[in-house]
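First the structure, in the form of structure tokens, and then the observations on it.
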Amino acid sequence: MNVSLNWLRFLAPGVEGDAHALAEAMAALGFPVEGIDALGAELGDIVVARVVEAGRHPNADRLSLCRVDAGGDELLDVVCGAPNVRAGALYPFVPVGGVLPDGMKIRKAKIRGETSNGMLCSAKELGLGVDHSGILELRTDAAPGSPFVEAFGLAGDARLDVEVTANRGDLLSHVGVAREMAPRGVEGVALPRVPGGAEPKVELRTGEGAVEVDGITVSIDEPTLCRRFLGAVIRGVTVGPSPDWLQARLRAVGARPINNVVDATNYVLFELGQPTHAYDLATLKGRRIGARLAAEGEGVRTLDGEDRTLSASMLVIADGERTVNVAGIMGEDETAVSDATTDVFLECAHFEPRSVRTTKKALGIQSDAGYRYERWVDPTGQERAFRRVIEVIVATAGGTVHPVAADVHPDPWTTPRLSLRRSRVERLLGVPFDGAAVAGLLRPLGFVVDEGDGDTLTVDVPGWRGYDVTREVDLIEEVARRYGFDRFPDRAGPFRPTTVPDHPLFRLEDDLRTLLVGRGLFEAQTPAFVPPTEGDVHLSNPLSQEEPVLRRDLVPSLLRRVQRNLARGVRDVRLFEVGTSFRSRGPGEAPAEETRLAVAITGRRRPEHWSEPDEALDLRDLQGLLAALVRRARPGARVEPGFVDGSRLMPGEAFVVRDGDAEVGFGGRVSPDALDVPPWAGAVLALELALPALPAPSPDPTARALPAYPAVERDVALVVPGAVASATLVEAARSAGGPLLDGVEVFDLYEGEHLPEGTRSIAYRFRFRSPERTLTDDEVDRAFRSIIARVEEEPGVHVRR
């Protein structure tokens, strides 16, 4: 939201301080200023000049040779290329030696044989707009030679770019900001008359469904989407350029002046935050206008020149034959006010925010009106804005307003009333507030507070805050904001820890995060919105047409992050994410949601160091990580060689996690076809594991005495077929070794010559120990033979000779 400092003070004279001081105050109140532009600071060399004579250049068809009065003793010869220059008019002028905002210094020059002693300027050349089709004609009483910034109303002004959150639509106007910044709040804000303005003498004729005024029927067919529709007829207007004061106001906030009628509607938009729309009355058909739903496939050409196709869920403003406005967003081209317009129909309506937001996104239209309607427009300020825009139109374009205006009002606004407990304020904020203090903080914002006699205050919420202040805690937030967050003590007060334990799933997630961070991985958070091929739960109102569904798996999103890092030269990437996956249950059913853990890694096994050669992460690193995660998350599950369709992994280099008969996870090497990575990149490994909805509690830690007796170890090398997992043999050894088997570990792997095809040699070390005595060789040998006999029962497994 662009805020003009002069406009703000015009509405709230009590606002003090320069732009930077106000920016600090705004930030403290919760709407920081992202930038400050000192308007007119680079226009010090520009003066007002009168063109005394404007004739054709003797040596160029498209140039004019002008005699200009710039306030000096003599008239200056100036060559001008603008088609709109005329004798008697006032224009901004840069004399020789002056500098334009873009840094260009004006010099005396000969143009087609004629000397030019300066330059007449367009709005674009002055940095006041984008129009450079002609020079900027001024409508002012300033004498030639007067400073342009003073004549144009820019002296001492600054533009503040205010960051407004989505819930604070009330700040999208100068009055809204003035309410926050004025020392007395709402009491310090007023609407002074505009130059030549007067209170419109208009009576409202009210009805619930339709009202007729001056032969025009105004109606609402969809009261849930259009709460109120005000309409007035103004006849005999003269459409033309706006006076300088109005143009200066609009340019100060970065808007482009169009004509006096349209500029009046934009002026009220920026002043009061209420969008309005003016139609050329002669172009409305059927002598009626109203709010209705569009017909499916109905077309309209909007003011931006685009042809739009509407759906039956979209609210429109229509005359007796066709759509003339996409309600609350943008008008139609044919009914727009033009220089030929003499009679105007003025619309001022209140639309449902969600309807406007949905239509805006579906049609891809961005507009100042839609931006405000989707964030809530004050329903109690609608009539004031309606009368204000009539005042500005009549003051700048003339004409006569019909004494009766339509007010179709099927759903009158009811002021929300909330209860606020002083004890609750103190409990949440940690600082005691009495009733008078709370009321003193809320009343300047427009809240009506009844302090009552007990602990509870009754608060009526003003219309401009009716969309975001709906609960007691919202009022407490307002108390804290107005009190000042910097005034709260920074010491920790006494508190009582909760006795309610965390949900087992949350504790499991924390344990898994600790495990993965300890292994050097970083947690990522990727959006749940993905391309159509990666999910089957479609969004009814997607943020992007490229990502219209919710993700089925987490791994693809992580792989995009890996791909992005590799594209920027980051070789070592270790990411994990704990998130939700979604699967469709069928039409009309809520999607199935499942919490999952995903990992994507590539690069070196250990950080680079000069003392040892680099070793790349490989499939066994991922297998070990997957096994560790399964042991913590699903103790009864198994990691087996296997492949899951759609997992983007390479067959033969993948694993499946099975818990009973269900597949609950997968992992392996990502197929090169699934990634676009540099040729120097190493193997990319990924896994995904579904977490149980109600995990088994982790066992309580137990302590046991250190061994008092020595261990005895036996080593053996086994020839193992590729289809037999090492974990299967370890499990078999533990079951056969009995209580004397204290531990099993793999200490060597060999694949190569002198082994049958499709096998490998795995060396195991078995550790035997008794907590009560030293074992004899016979005891160890019997247990060892039992283990060998058991593992050789597995197909193809035997001791290597």
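The values are calculated or read from the model by the stated rules, or taken from the named source; none is laboratory data. All of these numbers come straight from a predicted model, not from anything done at the bench. Positions of Cβ are backbone-derived with ideal geometry, glycine not excepted, and every protein chain shown enters the neighbour counts. Areas reflect the complete protein model, heavy atoms only, side chains present, ligands, DNA and RNA absent. Shrake-Rupley method; radii C 1.70, N 1.55, O 1.52, S 1.80 Å.
List of remarks:
- Residue in region 657-664 that is at pLDDT 90 or above and touching a helix residue (DSSP H, G or I) at 6+ places or on another chain (Cβ under 8 Å) present: yes
- Among the residues making up region 603-648, a single one is in contact (Cβ under 8 Å) with a residue 40 or more places away in the chain, open to solvent by 50 Å² or more (accessible area, probe 1.4 Å) and of a type in the set (A, V, I, L, M, F, W, C): A616.
- Screening region 290-405 for strands (runs of 3 or more DSSP E) wholly inside it with 2 or more residues that are surrounded by 15 or more Cβ atoms within 10 Å (Cβ to Cβ) returns the ranges 315-319, 323-326, 343-351.
- Scanning region 149-172 for residues that are of a type in the set (G, A, S) and touching a Lys or Arg at 6+ places or on another chain (Cβ under 8 Å) yields G153, A166, G169.
- Residues of region 767-801 classified as in contact (Cβ under 8 Å) with a residue 60 or more places away in the chain and of a type in the set (K, R), total: 3
- Test result for A278, farther than 26 Å from A255 by Cβ, of a type in the set (A, V, I, L, M) and either open to solvent by less than 30 Å² (accessible area, probe 1.4 Å) or not in a helix (DSSP H, G or I) (or both): no
- Among residues of region 378-391 that are more than 13 Å from H277 (Cα to Cα) and of a type in the set (S, T, N, Q), those with a beta-carbon under 7 Å from a residue that is open to solvent by less than 10 Å² (accessible area, probe 1.4 Å) and assigned to a helix (DSSP H, G or I) at least six positions away or on a different chain give the pairs T380/G463.
- Of all residues in region 61-75 being touching a strand residue (DSSP E or B) at 6+ places or on another chain (Cβ under 9 Å) and part of a loop (DSSP other than H, G, I, E, B), the one that is nearest to G98 (Cα to Cα): A70
- Of the strands (runs of 3 or more DSSP E) entirely within region 615-719, those holding at least 2 residues that are under 22 Å from V570 (Cα atoms) occupy 662-670, 684-690.
- Condition check for D73: out of contact with any Asp or Glu (no Cβ under 6 Å at 6 or more places or on another chain), within 21 Å of L138 (Cβ to Cβ) and of a type in the set (D, E): no
- Residue that is most open to solvent (accessible area, probe 1.4 Å), among those in region 758-792 that are within 21 Å of E731 (Cα to Cα) and part of a loop (DSSP other than H, G, I, E, B): E792
- Just one of the listed residues (G103, G98) is of a type outside the set (S, T, N, Q), closer than 25 Å to L154 by Cβ, without any contact (Cβ under 8 Å) to a residue 24 or more places away in the chain and open to solvent by less than 60 Å² (accessible area, probe 1.4 Å), and it is G103.
- Hits in region 207-255 - residues which are modelled with pLDDT of 95 or more, farther than 15 Å from A406 by Cα and more than 35 Å from the chain's Cα centre (by Cα): R235, G236, V237, T238, V239
- Residues (open to solvent by 50 Å² or more (accessible area, probe 1.4 Å), part of a helix (DSSP H, G or I), modelled with pLDDT under 95 and not small (G, A, S)) located in region 425-454: E426, R427, L428
- Filtering region 455-491 to residues that are of a type outside the set (S, T, Y), part of a loop (DSSP other than H, G, I, E, B) and within 25 Å of the chain's Cα centre (by Cα) leaves G466, D468, V469, R471.
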